[in-house]
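Chemist: The structure is given below, and queries will be raised subsequently.
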Amino acid sequence: MVEVRQTIDSQDMALGKLFDDFYEVPDYQREYVWTEREVDQLLDDVYAEFQADHGAESEYFVGSIVVCPGKEGVFELIDGQQRTTTAFLFLCALRDHLATLGETIQAIDSQISAIDTDDQGRDVPRYRLSLQYPDSGDILERIAAGKADLESVPDRTRSIENIKNAYGTIRAFFQREFGEDPHEARRFYAFFTKRVKLIRIGTQSVAHALKIFETINDRGKGLDAMDLLKNLMFIQANARDFERLKEQWKRLVDTLYGINEKPLRFLRYFIFASYEGIERLREDEIYSWFSEHSGVCGYRERPLQFVDGLLKASQRYANFLRGTDADGHRNRYLENLRLLSGSARQHLILLLAAGRLNSEDFLVLCREVENLFFAYVITRENTREFEHKFVLWANELRPLSTRDELDAFIVRRIVPEKERLAQRFEFAFEGLEAGTLQRYRLRYLLGKLTQFVDEEAFGAGGHDRLSDFIGSKVDIEHIFPQTPGPDVLAAFDKPELVALYIPRLGNLALAEKPLNTSLGNKPFASKAKVYPKSQYLLTRVISERPAVGVNTSVERATQGLDPFDEWFSTSIEARQKQLTRLARSVWQMPRPKTA
């Protein structure tokens, strides 16, 4: 009897089990391309499932990877480099985060590196993941080894920069979500390594692995709620409507994929925004909900009209994510939300529900939603909690069609929320530093503060696009430099605490790239002569108050923003208080009722 050799091995495994083996990314693979947004989206999605706590059912599937045997028992990673590298960086970042708290998890060390045996039977220390393409340099080895001098590594390639940024993003996530609490960080590690799962597909050759990779990426995936819903529509429709139904469904799917949105998330938010009586709904319950509520949705009698409604909602949804209103016209507050929200989409529940408001009133709602959403972000409000509120509020927003009705809704729902958050908002700003927020949100924050002062001083013309304040031509300037020379450090009043003051919000400003280059690591006395040359009024007043007369718009805009003659710890603290007061005006937050 001829033995049939198995050429494909498919295993369902948790991420912790994945790193029982060794992997290398071959030199012909593309570089690591994930940016802060992709890393944040993975972390946010896994953290949301972790918070949901559905017991043994709580799992998060990250897809599949394709491997084949390499030299000395090391797997060559043919597909899945981005997710695998990010998961490896997660382990390194958590190890380093716990180390700052004087804690360890013994299992992490063996998931990062272990002793392997080569073909000659010799012990060989290996990292669980290695990158063979030249663009990676030795950045992953440095991180895996726990070397703390990453800032000294020049960003010679995009891949090195992306890996450094991914590691920094994960470290910032741990600090933001768990702070000084090692217990919660340990719980999240357990969830990440035991409940986050993938499918590892193994083959006997590179050629076979590449063929499988091509098949996976070209021929689709298993049926999900979106596919099942499509089938349900065809079951209800007349045969003569099949072609129209197929065209509309394709437009729906293309619209969502065109904005890189997960169809199931759209369907879930569509249900929340469109129908009453739903407070909570998981993605794996979507198809069952539609099946059980055919009378509410009306798809059994009018499947074409139902799909038309889905398509129109998806087009509105896509426009909102692009920063425009439902009709595709520019909406500055949706542009801002696009820069603020990252992978978060909960605010779209409210925007989808407000379909009866005219464009002017919808603009007012968008302004209120942006301000409240930022307040939730800065105060670290639990995502599940404010999503639940948005779901309930959607029922109240759905019938509104007049400004008076909208104003009443704002007073009834949004104003009390801001009052509840006011004290936490104040505390968050007074203690805010660069690592507290994702970098894109920090740029949003600094951009809004800077834009507000300019707009108050000079009017909206030319100052109403936030992207002009946080684009590629603008840098975050550290007034006391990140890498101070010995003379600058010696002149600081608390040199032993300088590392605590450098990332503080009071030490940060926006500066045009050419201006920031000239500022460099110079002492404040030198920088003070350069800041007045900035086009941004908030940056100019760091060292000089504009001479523009009495009671002018510029004077009113800079009231309370006192310039500094020297830059010590007290200066950073004082400017942080200035920016905290300014932030209340920018995001229309009330004063805290208690001190």
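Chemist: Across the range 56-103, which residue is nearest to R171 (Cα to Cα) among those that are assigned to a loop (DSSP other than H, G, I, E, B) and hydrophobic (A, V, I, L, M, F, W, C)?
Modeler: Within the range 56-103, the match that is nearest to R171 (Cα to Cα) is L101.
Chemist: Please verify whether the range 386-396 includes one or more residues that are modelled with pLDDT of 95 or more, over 30 Å from E177 (Cβ atoms) and more than 23 Å from the chain's Cα centre (by Cα).
Modeler: Scanning the range 386-396, I find at least one residue that is modelled with pLDDT of 95 or more, over 30 Å from E177 (Cβ atoms) and more than 23 Å from the chain's Cα centre (by Cα), so the answer is yes.
Chemist: Name the residue, out of Y287, Y269, Y299, that is in a loop (DSSP other than H, G, I, E, B), crowded, with 16+ Cβ neighbours inside 10 Å, in contact with a helix residue (DSSP H, G or I) (Cβ under 9 Å, 6 or more places away or on another chain) and of a type in the set (F, W, Y).
Modeler: Y299
Chemist: Does at least one position in the range 361-382 carry a residue that is at positive phi and not small (G, A, S)?
Modeler: Yes, some residue in the range 361-382 is at positive phi and not small (G, A, S).
Chemist: Are any residues in the range 531-563 touching a strand residue (DSSP E or B) at 6+ places or on another chain (Cβ under 9 Å) and either touching a residue at least 60 places away in the same chain (Cβ under 8 Å) or buried (at least 19 other Cβ atoms within 10 Å of the Cβ) (or both), and if so, which ones?
Modeler: Once the filter is applied, which keeps residues that are touching a strand residue (DSSP E or B) at 6+ places or on another chain (Cβ under 9 Å) and either touching a residue at least 60 places away in the same chain (Cβ under 8 Å) or buried (at least 19 other Cβ atoms within 10 Å of the Cβ) (or both), the range 531-563 yields Y531, S534, Y536, L538, T539, I542.
Chemist: Return the pair list, or none, for Cβ contacts closer than 9 Å from residues in the range 61-83 that are outside the structural domain of R158 (by TED's automatic domain parsing) and closer than 15 Å to L15 by Cβ to residues that are surrounded by fewer than 18 Cβ atoms within 10 Å (Cβ to Cβ) and modelled with pLDDT under 85, at least 6 apart or on different chains.
Modeler: none
Chemist: Can you tell me how many residues within the range 177-199 are within 20 Å of the chain's Cα centre (by Cα), in a helix (DSSP H, G or I) and either of a type in the set (V, I, T) or farther than 17 Å from T86 by Cα (or both)?
Modeler: Number satisfying all stated conditions: 3.
The values are calculated or read from the model by the stated rules, or taken from the named source; none is laboratory data. It should be emphasised that the depicted structure is a prediction, and the values quoted were computed from it without experimental measurement. Glycine gets a Cβ as well: all are built from the backbone with ideal geometry, and neighbour counts include every protein chain shown.
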